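> Provided herewith is a single structure, encoded as structure tokens, for subsequent inquiry.
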Amino acid sequence: MALVALASAKGSPGVTTAGLVLGALWPRPVLLAECDPAGSDVAIRMTAPGGQPLNSDRGLVSLAAAGRKGLGDDVIMAHSQQLDGGLDAMIGVRSPEQIGGMGGLWAPLGITFNQMHNTDVLADCGRIGPASPQLPVVQAARLVVLVCTATGSSVAHLRERLSSLVHHVDARLGVIVVADPKRRDGVKQVWSVLDAMSVQVQHRWHLAYDPAGAAFFDGRGHGRLDRTALIRTATEIAAEMAASVAMPSQYEYDMAQAAFPGGEVRPGPDLEARR
Ligand SMILES: Nc1ncnc2c1ncn2[C@@H]1O[C@H](COP(=O)(O)OP(=O)(O)OP(=O)(O)O)[C@@H](O)[C@H]1O
Ligand SMILES: [Mg+2]
């Protein structure tokens, strides 16, 4: 299926939160893979089903040891675990020091993520630059989505990162702006900045800045999550994003829509000759 890489240029615009919420709403099976070298937030913020702590020994680090013999769907899933709510996740490194243990595994990992048979992968790649160790995962993705806010500095860093990224990735590009749902003017300004660039950003989404909704993905939620602006906006984004990376064969073909010609089927010249 497909790998979608989520990343940021600078700051903490909400990549991890977007990964968790989009993963929770993804219309197909999906694995959230934490590939942020700065260290896992999922292991700290989220729990296993029933509120149990997640197993921090099972994730990218245990995969790095096992994956030297070869990577495949079964190996990836063996080092993943379920979060409360049912989302499958591969927990990232505990600290940047553990990144050394990954060796040359980032490139095969990215390729494997993009080719898994039964699941899409949403990779939280954290902040990326040309020297980022996780860049091969970004390069293997079918879609690379940068997350930013609608502030001047966030957009300036987004611009700079996009200009550099096009030299490193062939994938289609998308941008998620995390902004107050009422601040559509600010979001429009981000789109006009993108329009003025030579870089093609094919997908543009506005995810609600919504502290009450985001709190659920920070271990602090109260009340009804499904009524939040975060979920309303993310539902649409997850559907569009998943559709944009779906392979044609993943659609159920409806035979009633087939462009078959009407009328009787006449034998062709081959059949005619055999008579
Ligand atoms: N859509 C949102 N609305 C409101 N608050 C948000 C939203 N997304 C993230 N936040 C809050 O902003 C803070 C940073 O979010 P998050 O960890 O998702 O960002 P990040 O880009 O992954 O950061 P880092 O680069 O440090 O990993 C968290 O406290 C989170 O709850
Ligand atoms: Mg993060």
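The values are calculated or read from the model by the stated rules, or taken from the named source; none is laboratory data. Fair warning: this is a prediction, and the values are worked out from it, not measured in the lab. Note: ideal-geometry Cβ built from the backbone for every residue, glycine included; neighbour counts use all protein chains shown.
> Could you go through region 61-79 and let me know if any residue there is within 13 Å of ligand 1 (Cβ to nearest atom), surrounded by fewer than 20 Cβ atoms within 10 Å (Cβ to Cβ) and under 18 Å from the mean Cα position of the chain (by Cα). Lay out the reasoning, then the answer.
Going residue by residue through region 61-79, those that are within 13 Å of ligand 1 (Cβ to nearest atom) are none.
No, region 61-79 contains no residue that is within 13 Å of ligand 1 (Cβ to nearest atom), surrounded by fewer than 20 Cβ atoms within 10 Å (Cβ to Cβ) and under 18 Å from the mean Cα position of the chain (by Cα).
> I'd like the residue in region 93-147 that is over 30 Å from residue 204 (Cβ atoms) and small (Gly, Ala, Ser) and, out of all such residues, is nearest to ligand 1 (Cβ to nearest atom). Quick ask: steps written out before the conclusion?
Step one: of region 93-147, the residues over 30 Å from residue 204 (Cβ atoms) are 93-105, 108, 117.
Retained after the next criterion (residues that are small (Gly, Ala, Ser)): 95, 100-101, 103-104.
Working: 95: 13, 100: 20, 101: 20, 103: 23, 104: 24 Å.
Out of the qualifying residues, it is 95.
> Here's another thing I want to ask about it. Got a sec? Which helices (runs of 4 or more DSSP H) wholly within region 1-90 have at least 2 residues that are within 16 Å of ligand 2 (Cβ to nearest atom) and touching a Leu at 6+ places or on another chain (Cβ under 9 Å)? Outline the logic, then answer.
Values: elements: 15-25, 42-45, 60-66, 73-78.
Of the helices (runs of 4 or more DSSP H) lying wholly inside region 1-90, those with at least 2 residues that are within 16 Å of ligand 2 (Cβ to nearest atom) and touching a Leu at 6+ places or on another chain (Cβ under 9 Å) span 15-25, 42-45.
> Still on this model: Every residue in region 104-137 that is more than 16 Å from ligand 2 (Cβ to nearest atom) and polar (S, T, N, Q), please.
Here is the first cut: in region 104-137, the ones more than 16 Å from ligand 2 (Cβ to nearest atom) are 104-121, 130-131, 135-136.
Scanning region 104-137 gives 112, 114, 115, 118, 119.
> Is it true that some residue in region 89-111 is more than 28 Å from residue 168 (Cα to Cα) and either touching a Gly at 6+ places or on another chain (Cβ under 7 Å) or not basic (Lys, Arg) (or both)? Let's see the steps before the verdict.
Step one: of region 89-111, the residues more than 28 Å from residue 168 (Cα to Cα) are none.
Within region 89-111, none of the residues are more than 28 Å from residue 168 (Cα to Cα) and either touching a Gly at 6+ places or on another chain (Cβ under 7 Å) or not basic (Lys, Arg) (or both).
> Moving on. Within region 187-199, is there a residue that is surrounded by fewer than 17 Cβ atoms within 10 Å (Cβ to Cβ), in contact with a strand residue (DSSP E or B) (Cβ under 6 Å, 6 or more places away or on another chain) and in contact (Cβ under 8 Å) with a residue 24 or more places away in the chain?
For region 187-199, residues surrounded by fewer than 17 Cβ atoms within 10 Å (Cβ to Cβ), in contact with a strand residue (DSSP E or B) (Cβ under 6 Å, 6 or more places away or on another chain) and in contact (Cβ under 8 Å) with a residue 24 or more places away in the chain: absent.
> Could you grab the pairs with beta carbons closer than 6 Å, sequence gap of 6+ or different chains, first residue in region 112-127 and in a strand (DSSP E or B), second one surrounded by fewer than 19 Cβ atoms within 10 Å (Cβ to Cβ)?
Between residues of region 112-127 that are in a strand (DSSP E or B) and residues that are surrounded by fewer than 19 Cβ atoms within 10 Å (Cβ to Cβ), the close pairs are 120/28; 126/38.
> Check region 171-183 and report whether any residue there is within 17 Å of the chain's Cα centre (by Cα), modelled with pLDDT under 90 and in a loop (DSSP other than H, G, I, E, B). Talk me through it step by step, then tell me what you get.
Of all residues in region 171-183, those within 17 Å of the chain's Cα centre (by Cα) come to 171-178.
Now narrow it down to the ones that are modelled with pLDDT under 90: none.
No, there is no match, as no residue in region 171-183 is within 17 Å of the chain's Cα centre (by Cα), modelled with pLDDT under 90 and in a loop (DSSP other than H, G, I, E, B).
> Does region 218-241 contain at least one residue that is in a strand (DSSP E or B), at pLDDT 85 or above and either more than 18 Å from the chain's Cα centre (by Cα) or closer than 30 Å to residue 52 by Cα (or both)?
Start the filter on region 218-241 by keeping residues that are in a strand (DSSP E or B), which leaves none.
No, every residue in region 218-241 fails to be in a strand (DSSP E or B), at pLDDT 85 or above and either more than 18 Å from the chain's Cα centre (by Cα) or closer than 30 Å to residue 52 by Cα (or both).
> Is at least one residue of region 150-159 among the polar types (S, T, N, Q), part of a helix (DSSP H, G or I) and under 26 Å from residue 3 (Cβ atoms)? Quick ask: steps written out before the conclusion?
So in region 150-159, the residues among the polar types (S, T, N, Q) come out as 151, 153-154.
When the remaining residues are screened for being part of a helix (DSSP H, G or I), the result is 153-154.
Still in the running and under 26 Å from residue 3 (Cβ atoms): 154.
Yes, because at least one residue in region 150-159 is among the polar types (S, T, N, Q), part of a helix (DSSP H, G or I) and under 26 Å from residue 3 (Cβ atoms).
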